[in-house]
Amino acid sequence: QFVDENYRPENATLMIVGDCTADQIGPMLQESFPTELLRGDAPEDAPLVDQSYCQSRVSPEMIEPPEPVDREISYHTAGVEKRTAIIAWALPGGYRPEAPLMSITANMLTTAVATYLNPDFDPMTDSLDSLNNVGCGLNAEEHASTVTCFIEMSGSADAEDVIEKAVDGLYQMWNINNRYWQRYVFADAKNQQMAGIFRSVEEVASLFSARATESALFTHFTGNGQYFGTNFEWLRGVNEGQAAELAERYLNRDRYVAVVLEPYGEDDITIDSSDASYVGRPFEGTNNTIIDLESVDQELLASLTMVPDLESLEDYTLENGMRIIMLPYGTAPVARAFMTF
């Protein structure tokens with residue numbers, strides 16, 4: 001019932017990137033999808049690709065995020081290498097003009113927390129790349145967003161003391177006597193935000209932070225297909241004063257919640273693949289599969305096997321010494337490069 005009501009063409013956004021023009025998209029869609037799926041409830045004479053209409057799925061005003069309900073620190077076992085504290089704050093929803101500011105402020109939070117947990121770290125001279133035990137970021141969603149910080153701890157550290165020390169550093173984000181620090185850290189975080197947007201152009205498709213993914217999500221929620229131009233326009237208007245106000249309002253001691261993750265014990269995991277889809281998964285005692293194992297025979301395995309056409313393989317070496325191997329296989333182009341020393 002949920003799928004029937006929600007997984008419908010009118011609720012979907014399809015992003016196409018690549019070497020094609022807008023006029024070619026309609027025929028491409030007709031070749032790939034049933035016409036009735038593309039049209040949904042639209043009239044039969046309606047164009048399959050209507051560039052004049054995009055639906056916004058977010059309200060233009062910022063909606064206040066909820067206050068924490070239970071602030072007691074809870075402990076859990078999880079697939080982590082070290083004991084890890086997770087601290088989180090609720091922020092307004094993303095996909096609005098305030099979204100880049102929220103992301104920049106979340107990046108600034110990494111520096112604020114790191115300087116308190118790592119006394120030798122100086123944000124004026126040291127790079128955040130040198131820190132591997134602290135990180136903060138924004139997860140923007142339609143209705144509400146979350147800023148999350150992770151802190152990896154040594155085995156002897158007291159988790160609640162570490163969390164308390166981390167939130168002690170929050171005041172740096174809005175302290176009026178700390179404006180030079182805020183200005184410097186804000187500029188660095190803003191550059192990181194802009195670089196991330198630029199980098200998403202380099203990769204067409206991936207699960208996160210690639211051109212098609214980011215553009216599709218942005219268009220789906222805002223109704224605006226100009227992902228890159230709009231975000232840079234939003235970025236141009238933000239400043240460190242706005243970041244300080246946002247941090248003081250939302251990223252404060254009274255609004256955080258925290259959990260502590262303990263690594264699995266030796267008895268909780270299996271170190272081979274006999275009971276899991278990946279090494280280190282917690283022992284569950286049963287195997288789940290969508291295939292009836294009793295029906296697996298040589299004929300079924302043969303039907304699932306794709307044999308490459310080795311007669312079509314091309315193998316040659318360029319003048320610069322690079323060896324090129326090309327083989328048609330499947331329908332999606334994949335390129336891989338290796339360098340051996």
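Quick notes on this one:
- Entirely in region 255-341, the strands (runs of 3 or more DSSP E) that have 3 or more residues that are β-branched (V, I, T), surrounded by 10 or more Cβ atoms within 10 Å (Cβ to Cβ) and at pLDDT 80 or above: 257-263
- Counted residues, region 1-40 - those being among the charged types (D, E, K, R), in a helix (DSSP H, G or I) and surrounded by fewer than 10 Cβ atoms within 10 Å (Cβ to Cβ): 6
- Cross-chain or 6+ apart pairs with Cβ under 6 Å, region 1-19 first and more than 12 Å from S215 (Cβ to Cβ), then small (G, A, S) and surrounded by 10 or more Cβ atoms within 10 Å (Cβ to Cβ): P9/G40; E10/G40
- Looking only at residues of region 175-209 that are of a type in the set (A, V, I, L, M) and farther than 14 Å from P100 by Cα, we find that the one that is nearest to the chain's Cα centre (by Cα) is L207.
- Filter result (in contact with a Ser or Thr (Cβ under 7 Å, 6 or more places away or on another chain) and hydroxyl-bearing (S, T, Y)) within region 179-233: S200, S206, S209, T213, T219, T222, Y227
- Residue match in region 68-80 (condition: surrounded by fewer than 13 Cβ atoms within 10 Å (Cβ to Cβ), small (G, A, S) and in contact (Cβ under 8 Å) with a residue 40 or more places away in the chain): yes
- When region 1-19 is filtered for residues that are modelled with pLDDT of 85 or more and either under 21 Å from Y227 (Cβ atoms) or among the hydrophobic types (A, V, I, L, M, F, W, C) (or both), the ones remaining, listed by number, are F2, V3.
Every residue, every condition in (1) more than 30 Å from K82 (Cβ to Cβ); (2) touching a Lys or Arg at 6+ places or on another chain (Cβ under 7 Å), yes or no:
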position: R183; (1), (2): yes, no
position: A195; (1), (2): no, no
position: F208; (1), (2): no, no
position: N231; (1), (2): yes, no
position: W234; (1), (2): yes, no
position: N239; (1), (2): yes, no
position: R249; (1), (2): yes, no
position: V257; (1), (2): no, yes
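This table checks each residue for (1) within 21 Å of the chain's Cα centre (by Cα); (2) closer than 30 Å to E233 by Cα; (3) basic (K, R).
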position	(1), (2), (3)
N118	no, no, no
F121	no, no, no
S127	no, yes, no
A144	yes, yes, no
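- Among all residues of region 176-199, there is none that is outside any helix (DSSP H, G or I) and open to solvent by 30 Å² or more (accessible area, probe 1.4 Å).
- All of A216, A205 fail the test of being out of contact with any helix residue (DSSP H, G or I) (no Cβ under 7 Å at 6 or more places or on another chain) and either among the aromatic types (F, W, Y) or touching a residue at least 60 places away in the same chain (Cβ under 8 Å) (or both), apart from A216.
The values are calculated or read from the model by the stated rules, or taken from the named source; none is laboratory data. It should be emphasised that the depicted structure is a prediction, and the values quoted were computed from it without experimental measurement. A quick note on method: Cβ atoms are made from the backbone with ideal geometry, for glycine too, and the neighbour counts reach across all protein chains shown. Heavy atoms of the whole protein, side chains included, go into the accessibility calculation; ligands, DNA and RNA do not. Shrake-Rupley method; radii C 1.70, N 1.55, O 1.52, S 1.80 Å.
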